[in-house]
1. Take every DSSP beta bridge whose two residues both sit in the chain, then give the antiparallel share in percent to the nearest 5.
2. When the Kirkwood hydrodynamic radius is evaluated over all pairs of different C-alpha atoms of the stretch 347-491, what value in angstrom, to one decimal, is obtained?
3. Can you check what the net charge comes to around Pro137, using other residues whose Cβ is under 14 Å from the Cβ of Pro137 (Lys, Arg +1; Asp, Glu -1)?
4. As a test question: what accessible area, to the nearest 10 Å², does Lys438 have when a 1.4 Å probe is rolled over all protein chains in place?
5. Would you list the membrane-span-like helices of the chain, meaning whole DSSP H runs whose alpha-carbon atoms span at least 27 Å along their axis and whose mean Kyte-Doolittle value is at least -0.5?
6. To one decimal place, what orientation-averaged projected area in nm² is obtained for the convex hull of the Cα set of the chain?
7. Testing the spin-label approximation: label points 7 Å from Cα along Cα→Cβ at Val191 and Lys476. State their distance in nm.
8. With a 1.4 Å probe and every protein chain kept in, tell me what percent of the accessible surface of the stretch 352-429 is carbon plus sulfur.
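The values are calculated or read from the model by the stated rules, or taken from the named source; none is laboratory data. On a predicted model such as this, the values are computed, not experimentally measured, just so you know. Don't worry about glycine lacking a Cβ; one is built from the backbone with ideal geometry, like all the others, and counts go over all protein chains shown. Areas reflect the complete protein model, heavy atoms only, side chains present, ligands, DNA and RNA absent. Shrake-Rupley method; radii C 1.70, N 1.55, O 1.52, S 1.80 Å.
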Amino acid sequence: MKNTQAVQTLKSAIEPNLSVAEDSVRLDHWMPYRTGVTPQVRIGKRWISIWWAIPIAFVAALFAVAIAQELRTIPAVQEFILRYPGDATPVSVTSGFPWWLRAQHFFNAFFMMFIIRAGIQILADYPRLFLQRDCTPGKEWFRFQHDVPTDRLWTSKDDSVTIPGWLGIPGVRHSVGLARWWHFTFDLLWVLNGLLYYVLLFTTNQWLRVVPTSWDVFPNALSTFIQYLSLNFPVEHTWTVYNGLQQLTYFVTIFIAAPIAFITGVMQGPAFSNKLGWFAKFMNRQLARTIHFIVLGWFLFFIFVHTSLVFITGLRQNLNYMVVGVNDGSWNGFLIYVPVMIILIGIWVMVSPLTIKYARRVQMIGERMVGYIQSWAELWDPQTQYTEKDISPYFWVNGTLPTSEEYNRLKESNFADYKITIGGLVENPQEISYAALKAMPKQDQITKHFCIQGWSGVAKWGGVPVRDIMKIVKPKPEARYVVFYSFAEGADGGIYYDVHSIRNMRHHLSLLAYEMNGEPLNFLHGAPLRLRCENQLGFKMVKWIRAIEFVHDFKHLGAGHGGYNEDHEFYGYRMPI
Ligand SMILES: Nc1nc2c(c(=O)[nH]1)N[C@H]1C(S)=C(S)[C@@H](COP(=O)(O)O)O[C@H]1N2
Ligand SMILES: [Mo]
């Protein structure tokens, strides 16, 4: 009797109420357009607009030029510049710029264009940066969003802002799912290109350009710096050797900034962060996010200066080096560079509208490109646990709240009549009452939550491990996935649900939580029951759980992509990174 009821609930009340989803971003259904504020940096309690940096930098540059020009009239400085004219090493690379170097330079720039734009889009989904682990409003050091309102519920989705489509990809508010596919796919290509570049650098003599081999690089760099700043540029021998300043800047970009970008990127996901113990506690998600942003600043600065110098130190010749690898006065480099740039501008303009239109395609290609890496990361056993004193003072709320009559009735009686339905491919379908769940052995865990948007928080969760439930219902051998259904709908209508592998649900930290920080789980955080799964991003942890179903496949559920946000917001089914 009891068993058939569990099966009935799933078949008649839940499955038909899942919703299908569009394959493109329908702007009339999507979160409404809303911008934040101009980017600000916090100094004490005051917020200062970063646009002030422009006049300040301009005035500082004027003074710096004047000072450098004065310096060059001093005999000691003139002697110094004569002694260290600029070139970092006597060793020179006589082979010029080989084809592989030019090709890799092009690909690097091409990939960077997507990486940077999609990265800024990701930042706009949670436009605040912190140094410490918790995301307590008011403690951020950088933001382009207002204060968090205190007079109403303000979820992290509310916090996302619109940025223009020529800047971000795709320039739509809360499009982190799509932006991540661009970011990660091109990250992978960029990393592979970079690794190949390292190999080719050191198997040829090209590394001599970018790796200092003598301490003389420092006085030469200082000398070139003074020369550039005085607007009386040093003599270039770029074809064979870089000057000290160039060499140091390239070295930092290639061997310091790029690896830091990679490390602080992966440290923002739960897979690595929950695995790497003390390093993850030190390099917490928010610090990693801040450093990732500072590295972006370095890359933008580098690109600006590097490109400007290409233009003002002899464009035609520099393009011959960079594009065709010749050291002559021809127009060949220029004639290739201009049409290629026009094509790149076309691609730049088209990427956002095409992403909006072919959103599902972007998701599917992204899955193909990086989904398997994410599936490996899922096998990493989450380990890092926190202590009571690590618990975050503020824990963001996210998601669409339940409004159904059924839920409200249960809530009124404090969930005394709540029963969780568990069915599908199991030997023993069940409806387990709240009291019976609470009578089962309770497990506590103190863990960090990673929302896809960028915030994180540590909390203590108490409840029943999913694997203990599995011992009761006994999944059949053909069951491969576990589906969690919510009482709540998702943002675009239809029941919120998400799918996990059985393997992941057998993990000892996969928990049906009814307590948070020692208190009964409250309404906003998912009462009566919510999932904790510590190697996934937050959206996979369904709140307000109504039923659990064991299935062989999930293609027939909703739009078939493995969860509500996978269907509607183009997220990935596996998201440990
Ligand atoms: N039913 C339901 N569960 C949900 C969501 C939702 O919209 N509906 N949002 C998810 C997201 S995106 C996150 S980050 C976490 C947030 O949990 P919290 O509100 O307890 O911080 O809940 C997840 N579970
Ligand atoms: Mo989230």
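1. Of the beta bridges lying entirely in the chain, close to 90 percent run antiparallel.
2. Computed over Cα pairs of the stretch 347-491, the Kirkwood hydrodynamic radius comes out at 19.5 Å.
3. Details: positive: Arg42, Lys45, Arg128, Lys139, Arg143, Arg152; negative: Asp134, Glu140, Asp147, Asp151, Asp158, Asp159.
That sum, taken over residues with Cβ under 14 Å, equals 0.
4. Estimated to the nearest 10 Å², Lys438 gives 100 Å².
5. Membrane-span-like by this criterion, though nothing is claimed about a membrane: 99-124, 176-203, 285-312, 332-357.
6. That works out to 29.7 nm².
7. 4.0
8. That share works out to 54 percent.
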